[in-house]
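> Here it is, the structure, as structure tokens.
The values are calculated or read from the model by the stated rules, or taken from the named source; none is laboratory data. Being a predicted model, the structure only gives us computed values, none of them experimental. In this analysis, Cβ positions are derived from the backbone assuming ideal geometry, glycine residues included, and neighbour counts consider all displayed protein chains. The area values use the complete protein model at the heavy-atom level, side chains included, leaving out ligands, DNA and RNA. Shrake-Rupley method; radii C 1.70, N 1.55, O 1.52, S 1.80 Å.
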Amino acid sequence: MGDRGRFSRRSFIRCIFSSALLTGIGDRGFCMAQREGWEGDIKEAMWYTKLKLKKVRCELCPRKCVVDDGERGFCGVRENRNGIYYTLVYSNPCAVHVDPIEKKPFFHFLPATLSFSIATAGCNIECAYCQNWEISQRRPEQTKNIYMPPKKVIELAKRFECASVSFTYTEPVVFYEYMFDTAKLANKSGIRALMVTNAFIEPKPLREVCKVLDGIKVDFKAFSEEFYRKICRGQLKPVLRAIELIKESGKWLELVVLLCPD
Ligand code: SF4
């Protein structure tokens, strides 16, 4: 690759400064717009089926939640309103940082560049050791959010000289629609789009999102169905199937296994 987006001394200082602003350490910049509660756009979910009695079945992840009118799925960020399923986290991130790409971690993809990194509240599994539980195990009205539509994400990524946008920290599968539209815009702007995921996702939505992503890093929990069920409230088999599909898509794939000592 060329020098564009390389991690220079100037970029490093910019990274430290912007992270302080965006995470709430400072009292200026984006922090001023960050509020408790919901800040996003109401958007109909992309992957669900309408059922009788105004129920819906979410088809996004292997949990396949059947949700009554007025209720939410397991992840807490998708809601059935009068038989229509909505995402509550579109344009509604609770974490926005400018990170070195190695922090995602992507080890072999555009090394020494910056990645504009966003997350919303919510996750579709529940790892007992989650480091980001304060946002992953929360509903959007329980986190401090900022209004940031996809266009704004790309604008800021450019302003902070980021070579990529990363969907990370919590689980991007649950903010699928926001990720999808932002990745499409990134494609048009020459910015790479990266997903950091648990790969607990159904094949159809995965195939579609792979088309607009450049790289995917999978947090592989353990090669054990028991570990997935007991420690993460997830399932191993759908994750293995998703990893195969990503490989088949030809997109950049990295696997990370976090070693838990207990
Ligand atoms: S994405 Fe959320 S609502 Fe949909 S099946 Fe998974 S946990 Fe349930």
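> Could you please give the count of residues in the range 236-262 that are in a loop (DSSP other than H, G, I, E, B) and buried (at least 16 other Cβ atoms within 10 Å of the Cβ)?
Number satisfying all stated conditions: 1.
> Please go through the range 170-224 and give me each residue that is basic (Lys, Arg) and either under 22 Å from Glu248 (Cβ atoms) or open to solvent by less than 10 Å² (accessible area, probe 1.4 Å) (or both), ordered by number.
Across the range 170-224, the qualifying residues are Lys184, Arg192, Lys204, Arg207, Lys211, Lys217, Lys221.
> If a residue has to be of a type in the set (Asp, Glu), closer than 16 Å to Ile135 by Cα and more than 16 Å from the ligand (Cβ to nearest atom) to count, how many in the range 160-177 make the cut?
Of the residues in that region, 0 qualify.
> In the range 50-79, how many are free of Cβ contacts under 8 Å to residues at least 24 places away in the same chain, of a type in the set (Asp, Glu) and either touching a Lys or Arg at 6+ places or on another chain (Cβ under 7 Å) or near the ligand (Cβ under 9 Å from one of its atoms) (or both)?
Summing the residues that are free of Cβ contacts under 8 Å to residues at least 24 places away in the same chain, of a type in the set (Asp, Glu) and either touching a Lys or Arg at 6+ places or on another chain (Cβ under 7 Å) or near the ligand (Cβ under 9 Å from one of its atoms) (or both) in the range 50-79 gives 3.
> Which of the residues spanning the range 105-132 are under 25 Å from Glu155 (Cα atoms) and open to solvent by 10 Å² or more (accessible area, probe 1.4 Å)?
Pro105, Phe109, Leu110, Pro111, Ala112
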